[in-house]
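The values are calculated or read from the model by the stated rules, or taken from the named source; none is laboratory data. Note that this is a predicted model, so its numbers are computed, not measured. Neighbour counts run over all protein chains shown; Cβ positions are idealised from the backbone, glycine included. The accessibility values were calculated without ligands, DNA or RNA, using every heavy atom of the protein model including side chains. Shrake-Rupley method; radii C 1.70, N 1.55, O 1.52, S 1.80 Å.
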Amino acid sequence: MSRIVVHGLEKSYGDARVLERVNITAEPGEFLSLVGASGCGKSTFLRILLGQEQQSGGVVVVGDQPIVPEPTPQRGIVFQRYSVFPHLTALQNLLLVEDFRSGGPFGRVFGARRRSARQEAETMLERVGLAHARHLYPASLSGGMQQRLAIAQTLLGRPQILLLDEPFGALDPGIRVEMHELLTELWTEHGMTVVMVTHDIGEAFKLGTRVLVFDKVRHDPQFPSAYGATITYDLKLDRKSRASARDVAEVAAMVGTTRLDSAIATTAS
Amino acid sequence: MLARGTGIMQAGVGPEVARLQLSRPKARLRLINATVSRGGALLLGTLPFAAVAIAYLFASAQRLAVNPSDKLLPSPAQMWSAFFDLATVPDKRSGDLILWADTYASLVRLFAGVGMATLGALCLGVAIGFIPRVRAFLLPFATVVCVIPPLALLPILFIALGLGETAKITLIAIGVAPVMVRDIANRVMELPPELIAKAQTLGGNSWTMVLRLVLPQVMPRLITCVRLALGPAWLFLIAAEAIASTEGLGYRIFLVRRYLSMDVILPYVAWITLLAVTTDWLLVRLSHIISPWAHPVQNR
């Protein structure tokens, strides 16, 4: 729903440069998959988009304003772990969204507002298949159920941009496929811009409308952390025609994955 | 139906299984793997209590046999009658039932002191742990205050606040609060940054995040803090009562010490222990009620 423009983004920790010269323009409704070797800075990039970390240089514009340097309701996030609140039941987790949004100084809505919030939360639980677990605490939910709850909670916040940090990294392959379907459906319904970081090349190609590879292009053998990663490959996918195995193989070679077969298999599923 | 025991025999592999069951080697597990049954645990748990009781009864009987007016190790009957008198016979001078008056005075001091400390520690701990500016402002101070021995402050408190209740309650509060402040602050700082980021993306501000995220998450730890603080709190209470008081459990113990009244001191110590154990148990129950999520159902 909002355009993201990143221009000349840089991030350093002390002397170590993690990201440099990152430029992207993402149109509203695009689904960006970010892939790259471990430690290449793709998660850092996502945290900068979130506002949890600040860039060392360059600008990030969402809509028509540079982003505020702290997390806001404009950008929703689903992490791999700790993505729901352990002290609240599934239903309370979803109600919390309305409580935070319009609960005032008590952080809680009352009366008719609460009833309508509850209605909305129940509908969303139904939607992600957690209606039977509404009164369970996250500790008694499986990993897949927790992630479904986390996605539901984030979507109730109606973010313009959905950020996903390896959201399915800890799930079993079977559950993962279910989650792919759910996410694709929700994305089609809501039409928000999605930025997803993943280790799974197949997942990147299957879900994304655009695959971006983060890698280092410059190397200094005396000082390996002198240069950071940037976007080395930017592939727009046509949803109608599946990504070709050649594209997948090319990206997999860049990232250095050893599981090329499984990547192609996931893409085809 | 799953075959089990006799079921397997009916399935035709019976003799083999039966032979294996008979010849099953006597399990010699490692010490760390040998579990204890419920009854066994109860028995083992009771043993130390029984051992102490028997040793005391034996020693007491021996001393009393040599000298029936011995005061050092009174018999259970003597202790019970002394305790019963204190609990039911009004004091000649004041008309109070001494045990209950002592208990009331001590518990009021204890709970007032620990209560104030808990409230203060919660506010300060959350502020220090959650707000970087407050942390920079107060954490070094709290760290230094933490290492002052509270009993060394007792004379100062008596001089500054007089010998009344205020000084005793303040001693307890000052004695237990600093550690609680640091513990709560640490717990808040340990909250996963993911949760805090997520709460912000859902529209939480600093205050509503304290209400809906930090307080509920800190509550189990706070109750644990109170449980741990009650030990030192009793110590400070009895120390303060021993020095300047006219009633209270600690005052009574130190008063009758002059007359070697072990028949009062020992039951009083047992009574204090009982009060402490009950408080602790109630706090555990409270934690289960307030934060059910932090206590997953135990497998029974």
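Within the stretch B:216-248, being farther than 30 Å from residue B:268 by Cα and either within 16 Å of the chain's Cα centre (by Cα) or open to solvent by 20 Å² or more (accessible area, probe 1.4 Å) (or both) holds for B:216, B:219, B:220, B:221. In the stretch B:216-245, of all residues being β-branched (Val, Ile, Thr) and either within 18 Å of residue B:119 (Cα to Cα) or touching a Gly at 6+ places or on another chain (Cβ under 7 Å) (or both), the one that is nearest to the other protein chains (Cβ to nearest Cβ) corresponds to B:218. Within the stretch B:266-282, residues that are farther than 14 Å from residue B:233 by Cβ have Cβ atoms under 8 Å from residues that are open to solvent by 70 Å² or more (accessible area, probe 1.4 Å) and at pLDDT 95 or above in no pair, counting only partners at least 6 apart in sequence or on another chain. Of the residues making up the stretch B:250-300, those that are within 14 Å of chain A (Cβ to nearest Cβ), in a loop (DSSP other than H, G, I, E, B) and open to solvent by 30 Å² or more (accessible area, probe 1.4 Å) are B:295, B:296, B:297, B:298, B:299.
The rows are residues; the columns are (1) free of Cβ contacts under 8 Å to residues at least 60 places away in the same chain; (2) of a type in the set (Lys, Arg); (3) open to solvent by 40 Å² or more (accessible area, probe 1.4 Å).
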residue: A:74; (1), (2), (3): no, no, yes
residue: A:99; (1), (2), (3): yes, no, no
residue: A:103; (1), (2), (3): yes, no, no
residue: A:107; (1), (2), (3): yes, no, no
residue: A:119; (1), (2), (3): yes, no, yes
residue: A:138; (1), (2), (3): yes, no, no
residue: A:142; (1), (2), (3): yes, no, yes
residue: A:149; (1), (2), (3): no, no, no
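For the stretch B:125-147, filtered to residues that are under 29 Å from residue B:248 (Cβ atoms) and under 23 Å from the mean Cα position of the chain (by Cα), the residue that is surrounded by the most Cβ atoms within 10 Å (Cβ to Cβ) is B:146.
Tallying residues that are assigned to a helix (DSSP H, G or I), in contact with a helix residue (DSSP H, G or I) (Cβ under 8 Å, 6 or more places away or on another chain) and within 12 Å of chain B (Cβ to nearest Cβ) within the stretch A:90-139 yields 14.
Filter the stretch B:201-215 down to the residues that are open to solvent by 40 Å² or more (accessible area, probe 1.4 Å) and either at the interface with another protein chain (Cβ under 7 Å from one of its Cβ atoms) or of a type outside the set (S, T, N, Q) (or both) and list them by number.
Taking the stretch B:201-215 and keeping what is open to solvent by 40 Å² or more (accessible area, probe 1.4 Å), we get B:205-207, B:211, B:215.
Scanning the stretch B:201-215 gives B:207, B:211, B:215.
Taking every residue in the stretch A:6-23 that is over 9 Å from residue A:55 (Cβ atoms) and pairing it with any residue that is at pLDDT below 85 and open to solvent by 30 Å² or more (accessible area, probe 1.4 Å), at least 6 positions away or on another chain, the pairs with Cβ-Cβ distances below 7 Å are A:15/A:225; A:16/A:225; A:17/A:225; A:17/A:227; A:20/A:227. Does residue B:195 satisfy the condition of being in a helix (DSSP H, G or I) and within 14 Å of chain A (Cβ to nearest Cβ)? It is true that residue B:195 is in a helix (DSSP H, G or I) and within 14 Å of chain A (Cβ to nearest Cβ). Residues that are without any contact (Cβ under 8 Å) to a residue 60 or more places away in the chain and farther than 30 Å from residue B:177 by Cα within the stretch B:97-115 comprise just one, B:97. Picking from residues in the stretch A:55-72 that are farther than 20 Å from residue A:154 by Cα and within 18 Å of the chain's Cα centre (by Cα), the one that is nearest to the other protein chains (Cβ to nearest Cβ) is A:60. Quick check on the stretch B:66-121: of everything there that is among the acidic types (Asp, Glu) and either open to solvent by less than 40 Å² (accessible area, probe 1.4 Å) or in contact with a strand residue (DSSP E or B) (Cβ under 9 Å, 6 or more places away or on another chain) (or both), which residue is nearest to residue B:258 (Cα to Cα)? This residue is B:70.
Restricting the stretch B:175-192 to residues that are open to solvent by 50 Å² or more (accessible area, probe 1.4 Å) and in a helix (DSSP H, G or I) leaves a set whose member that is nearest to the other protein chains (Cβ to nearest Cβ) is B:189. Residues of the stretch A:33-45 that are more than 15 Å from residue A:230 (Cβ to Cβ) and either without any contact (Cβ under 8 Å) to a residue 40 or more places away in the chain or open to solvent by less than 20 Å² (accessible area, probe 1.4 Å) (or both): A:33 alone.
For the stretch A:80-89, the candidate set comprises residues that are of a type in the set (A, V, I, L, M, F, W, C) and either open to solvent by 10 Å² or more (accessible area, probe 1.4 Å) or more than 7 Å from chain B (Cβ to nearest Cβ) (or both); within that set, the residue that is farthest from residue A:187 (Cα to Cα) is A:88.
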